[in-house]
Amino acid sequence: MLSDATSGQASARSEISVDGMTCAACASRIQRKLSKVDGVSDARVNFANGRATVVHRPELSEPDFFNVIEGLGYHVIDERGAEEAERRRERDLRHRLTLAVALSVPAVLLSMVPAFQFSGWHWVVAALTTPVVFWSGWNFHRSAGLNIVQRATTMDTLVSLGSLSAWSWSMVVLLGDLDDGTVYFETAAVIVTLILLGKWLELRARRRSGDALRALADLGAKTALLETGQEIALDQLGVGMRFVVRPGEKVATDGIVVEGHSAIDASMLTGEPVPVEVGPGASVFGATINANGSLTVEATGVGGDTALAQVIRLVDQAQGSRADVQRLADRVSSIFVPVAIGVAAITLVAWVLTGHTWSEAFTSAVAVLIIACPCALGLATPLGIMVGTGRGAELGVIIKGGEVLEDTRAVDAIVLDKTGTVTEGRMAVTDVHYDAEVASADREDLVVLAASLEHRSEHPIARALCAMTTKRATVSEFENRPGLGVVGVVEGTSVSVGRRSLFDEIPVSVQAHASKAEASGSTAVFAGRAGIAEAVFVVADQIRPTSQSAIAAFKEQGLAVTLLTGDNERTARAVASAVGIERVVAEVMPADKVAEVERLQASGHRVAMIGDGINDAPALAQADLGIAIGTGTDVAIEASDLTIISGDLLAAVDALALARQTLSTIRGNLFWAFAYNSAAIPLAALGFLNPMIAAGAMGLSSLFVVSNSLRLRRFAGYRQTEGPR
């Protein structure tokens with residue numbers, strides 16, 4: 001359930017697969033009709049993926065929209081049948097194209113090569129081209145007829161008018177035996193053939209643009225091996241059930257490792273090429289690959305609740321969205337066809353009035369009709385979004401919508417949370433210093449005593465100390481002293497672990513090492529027996545290995561970087577210095593983070609915020625562009641515009657670079673589409689383009705937009721290269 005921002009009322013979203021759209025004008029017409037339905041707050045129809053997204057009042061149901069769509073002459077298909085419908089459409093298109101090519105080639109040869117001509121050859125050409133115009137081109141004529149009934153025009157109207165006009169004029173000349181008339185049977189056939197060829201190539205390219213998403217959907221395991229040895233279908237696996245993952249197998253579903261150690265290749269989900277070590281307590285995701293060891297996993301998410309399903313859902317929604325640049329294209333597409341028909345009519349009249357023959361006038365008018373088809377304009381934005389978001393999914397980057405692309409272009413400042421973003425978000429012991437009086441043989445015992453005592457505590461620092469050894473000793477008289485540490489009796493010995501104030505005596509060397517650690521931003525934890533601090537454990541939140549490279553890359557992209565954290569000033573500055581950040585704002589509450597983002601915005605900056613925790617969610621929502629680290633909380637992810645599935649900050653660099661490159665590609669597509677029509681229509685009206693050349697040029701313009709969009713599939717990112725490609 002959604003919320004309508006303007007009225008505060010709850011709203012619902014319906015996703016509808018539409019079959020029968022042949023161009024962007026079809027999508028625009030369906031979109032306009034759906035938007036006029038009472039109770040609909042937003043309707044978007046994407047020609048590239050054949051989907052309508054409708055936001056509406058809950059009392060409305062999908063059948064209400066089905067009637068609108070089918071009333072326009074299009075078909076609503078079940079989501080599960082969308083793939084089969086597309087394959088069926090491709091087969092039908094291939095059959096019609098095959099016949100068109102087989103008959104058009106001899107028709108063109110007879111018409112263009114005098115050596116092949118014989119008495120009555122015009123009748124043979126007419127016989128060859130008639131099936132092409134009426135059977136191969138039937139879908140164009142059917143669509144144009146339905147549009148006329150609805151008092152609308154689309155690209156099909158132009159194709160149908162152009163081919164039927166050429167065929168009809170030729171038949172009039174042939175039957176009327178007009179000496180000064182020229183027949184255009186081959187032109188009518190070639191128009192249909194070339195546009196069918198463009199449609200077929202376009203359909204195949206659009207299928208390729210969705211390959212990334214289909215590949216993700218196919219990655220999941222089909223069965224699961226329970227720890228009892230029974231193999232079951234994946235849909236029978238439930239939350240709480242335990243299954244075994246053997247070396248080389250895919251993890252069946254999301255879960256927690258309860259037994260075993262291994263390395264997991266999660267590159268298909270996170271985009272990170274290096275396998276991640278996992279053991280008991282570690283989270284694993286469905287469809288990732290177990291490299292070497294055997295694991296027993298307890299399922300925590302199945303079906304639509306898995307990380308992979310969420311990624312597919314988010315990308316699918318993003319591919320149905322629009323960038324702001326699409327609004328101009330939508331407006332142009334809606335008026336372009338009637339304007340083109342008007343220009344063709346003016347061309348016909350102007351040529352006749354200036355003393356040219358009807359044949360010459362007719363040729364120029366048909367060329368205008370064909371060259372004006374706005375296919376490239378309609379594909380420019382949705383295809384770019386489809387390919388860009390699909391490639392992002394492969395790299396572990398979720399771009400939540402086309403609108404986000406516009407925001408990335410203007411961003412000039414980036415604000416980073418520290419814990420869990422620049423750092424790992426978990427404490428680890430980085431160094432240990434023992435008093436000289438502690439014998440080497442006793443040092444391991446001291447670690448075991450400290451870890452055994454801390455095992456009773458839930459503090460993050462306690463977990464870091466416990467991770468130093470797997471050995472445990474018996475603890476009694478355990479006492480947790482908030483803000484100070486823990487004390488107790490371990491194996492009959494009084495042991496203390498925590499701050500200085502817990503100890504009666506701290507040797508000089510131990511104190512000096514602790515002071516040095518604290519000066520560098522780390523935490524010093526003292527441990528000892530009988531009130532004497534015998535060792536100091538240096539605990540720190542580890543900086544992510546790629547954070548320094550990521551900061552350098554942000555600066556390379558022209559972004560001013562700020563570290564924004566609730567941690568103390570000394571620790572924050574130590575981390576900032578290590579990764580190359582000059583500006584630090586420390587010791588801030590969640591509300592202060594929002595205020596800092598607002599301050600940057602008030603000073604004229606467009607701000608991106610990267611965070612992972614609940615405390616980051618308000619700032620993520622306030623920022624012009626919110627980027628959530630996927631290892632963080634659901635609240636942070638919900639508040640963001642971009643989501644990084646992995647915890648690698650360098651992936652955020654990839655996200656910005658990919659979003660900007662996708663927007664650049666879309667703008668290039670739109671420029672080409674506008675420039676093509678702006679230049680070609682006057683040339684056709686002035687007689688410099690004949691209808692066959694016009695049909696070929698129109699097809700090539702669409703193929704240019706398709707191929708330009710598909711270049712995004714080669715985007716590699718900073719994690720795989722030294723810069724984006």
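The values are calculated or read from the model by the stated rules, or taken from the named source; none is laboratory data. Predicted model, so just to flag it, every value in this text is computed and none were measured. With ideal geometry, Cβ positions are generated from the backbone for all residues, glycine too; neighbour counts draw on all protein chains shown.
Here is a list: L174, L178, L203. Which entry is at pLDDT below 80 and in a helix (DSSP H, G or I)? It would help to see each step written out before you state the result.
Working: L174 fails: at pLDDT below 80; L178 fails: in a helix (DSSP H, G or I).
Of L174, L178, L203, the one residue that is at pLDDT below 80 and in a helix (DSSP H, G or I) is L203.
Does D431 count as in the same structural domain as I532 (by TED's automatic domain parsing) and more than 30 Å from V585 (Cβ to Cβ)? Break it down stepwise before answering.
Numbers: in the same structural domain as I532 (by TED's automatic domain parsing): yes; more than 30 Å from V585 (Cβ to Cβ): no.
No; evaluated as a whole, the condition is false for this residue.
A quick yes/no check of all residues on (1) over 21 Å from S170 (Cα atoms); (2) under 39 Å from the mean Cα position of the chain (by Cα):
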position	(1), (2)
E70	yes, yes
T98	yes, yes
P106	no, no
Q117	no, no
W138	no, yes
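Residue pairs whose Cβ atoms lie under 6 Å apart, separated by 6 or more positions or on different chains, with the first residue in the stretch 330-343 and under 13 Å from S678 (Cα atoms) and the second part of a helix (DSSP H, G or I) and modelled with pLDDT of 80 or more, are V343/V368.
There is no residue in the stretch 9-19 that is at pLDDT 85 or above and exposed (fewer than 12 other Cβ atoms within 10 Å of the Cβ). Mind checking which residues of the stretch 540-560 are in a strand (DSSP E or B) and crowded, with 21+ Cβ neighbours inside 10 Å? Across the stretch 540-560, the qualifying residues are A540, D541.
Being in contact (Cβ under 8 Å) with a residue 40 or more places away in the chain and within 23 Å of T157 (Cβ to Cβ), is that true of even one residue in the stretch 100-118? Looking for residues that are in contact (Cβ under 8 Å) with a residue 40 or more places away in the chain and within 23 Å of T157 (Cβ to Cβ), one finds at least one in the stretch 100-118, hence yes.
Checked against the criterion of being in a strand (DSSP E or B) and within 21 Å of T523 (Cβ to Cβ), the candidates V495, V447 yield just one match: V495. Looking across the stretch 105-153 at every residue that is touching an Asp or Glu at 6+ places or on another chain (Cβ under 8 Å) and under 17 Å from W200 (Cβ atoms), the one that is surrounded by the fewest Cβ atoms within 10 Å (Cβ to Cβ) is identified as N139. Checking A102, A43, A85 one by one, the residue that is surrounded by 12 or more Cβ atoms within 10 Å (Cβ to Cβ), over 23 Å from A188 (Cβ atoms), among the hydrophobic types (A, V, I, L, M, F, W, C) and outside the structural domain of G20 (by TED's automatic domain parsing) is A85 and no other.
Restricting attention to the stretch 449-506, which residues are of a type in the set (G, A, S) and closer than 17 Å to A530 by Cβ? Don't jump to the end; show me each part of the working.
Looking only at the stretch 449-506, we keep the residues that are of a type in the set (G, A, S), and these are 450-452, 457, 462, 464, 467, 473, 476, 483, 485, 488, 492, 494, 496, 498, 501.
Across the stretch 449-506, the qualifying residues are A450, S452, A473, S476, G485, G488, G492, S494, S496, G498, S501.
Can we say V487 is surrounded by 13 or more Cβ atoms within 10 Å (Cβ to Cβ), at pLDDT 90 or above and not hydroxyl-bearing (S, T, Y)? Answer is yes for this residue. Considering (1) outside any loop (DSSP other than H, G, I, E, B); (2) farther than 22 Å from A540 by Cβ, say which one A473 fails and leave the rest. All conditions are met except number (1).
Looking at the stretch 430-444, which of its residues are in a loop (DSSP other than H, G, I, E, B) and touching a residue at least 60 places away in the same chain (Cβ under 8 Å)? Spell out how you get there, then give the answer.
So in the stretch 430-444, the residues in a loop (DSSP other than H, G, I, E, B) come out as 435-439.
Result: D435, A436, E437, V438.
The test for being over 20 Å from R443 (Cα atoms) and of a type outside the set (K, R) holds for A519. Being at pLDDT 80 or above, in contact with an Asp or Glu (Cβ under 7 Å, 6 or more places away or on another chain) and of a type outside the set (F, W, Y) holds for only one residue in T288, T253, and it is T288.
Looking at the stretch 680-696 only, could you name the residues that are modelled with pLDDT under 80 and crowded, with 21+ Cβ neighbours inside 10 Å? Spell out the reasoning first.
Let us first name the residues in the stretch 680-696 that are modelled with pLDDT under 80, namely 689-696.
Once the filter is applied, which keeps residues that are modelled with pLDDT under 80 and crowded, with 21+ Cβ neighbours inside 10 Å, the stretch 680-696 yields L689, P691, M692, A694, A695.
Looking only at the stretch 495-517, residues that are in contact with a Gly (Cβ under 9 Å, 6 or more places away or on another chain) and either aromatic (F, W, Y) or surrounded by 14 or more Cβ atoms within 10 Å (Cβ to Cβ) (or both) come to 9 in all. Applying the criterion of being out of contact with any Gly (no Cβ under 8 Å at 6 or more places or on another chain) and among the acidic types (D, E) to the residues of the stretch 609-634, the residue that is modelled with the highest pLDDT is D624.
On the stretch given as the stretch 405-454, residues that are hydrophobic (A, V, I, L, M, F, W, C) and at pLDDT below 80 total 4.
Scan the stretch 515-542 for residues that are in contact (Cβ under 8 Å) with a residue 60 or more places away in the chain and within 29 Å of T423 (Cα to Cα) and the total you get is 13.
Okay, residues lined up against (1) at pLDDT 80 or above; (2) part of a helix (DSSP H, G or I):
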position	(1), (2)
A636	no, yes
S646	no, no
A651	yes, yes
L656	yes, yes
A659	yes, yes
G668	yes, yes
F674	no, yes
S678	no, yes
